[in-house]
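As structure tokens, the structure follows; a few thoughts come after it.
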Amino acid sequence: MARSVGIDRTRIVEVAAALADANGYEQLTMAPIAAQLGVRLPSLYNHIDGLPGLRRELALFGTRQLYERLSRATIGKSSDDAILAFARAFRSYIIEHPGCYAATVHAPAPNDLEQQQTSQAIIDVVLAVLEPYGLDPQAAIHAVRGLRSIVHGFATLEMLGGFGMPLDREESFQRLLHAYLVGLHQAVTP
């Protein structure tokens, strides 16, 4: 089957990411991608395995972007400073790339090693950030889930207009993170 000139999987995913960020992940279909690339819809299927394949590629793309952002934010930092940097970087990614982020939310399929490894890289960043607290392995995973839930919940509510009161959202976010840190410190206190 002949390949369409000028497009490849990477370019299709980049366009899909931009469309998902602009219009929403759930609104993403193949037709607008083909239109933006100036190709016929069937041409995309030479590169992507339909909408399910596109969603998988977008999840990988978003997870890799998020990993890069979180890694850069936490390099050279430790303990509370690293957690705060991680949370701020995570929140900003969610707000700046809502469609790509939405693609990353679901746990990878158990049989998809590439997605498993890509997701594990982010978990490893969080575990490294949590290492100075000396948590046992189970407590560390609970702490990872807690931090993810805090940032995801706050940023999602923020994007959806869930904070209508005229009160500084940044201060609310910092107070929430401070409460999380207090809990972490209490968890490791003998």
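The values are calculated or read from the model by the stated rules, or taken from the named source; none is laboratory data. Model, not experiment: these values are computed from the prediction. When we count neighbours, we look across all protein chains shown, and the Cβ atoms used for this are built from the backbone with ideal geometry, even at glycine.
General observations
- Of all the residues in segment 132-172, those that are aromatic (F, W, Y) and more than 15 Å from D81 (Cα to Cα) number 2.
- The conditions of being surrounded by fewer than 19 Cβ atoms within 10 Å (Cβ to Cβ) and in a loop (DSSP other than H, G, I, E, B) are not met by A128.
- Scope segment 64-90; condition assigned to a helix (DSSP H, G or I) and modelled with pLDDT under 95; matching residues: S79
- Residue that is surrounded by the most Cβ atoms within 10 Å (Cβ to Cβ) [pool: residues in segment 63-73 that are in contact (Cβ under 8 Å) with a residue 24 or more places away in the chain and not β-branched (V, I, T)]: L66
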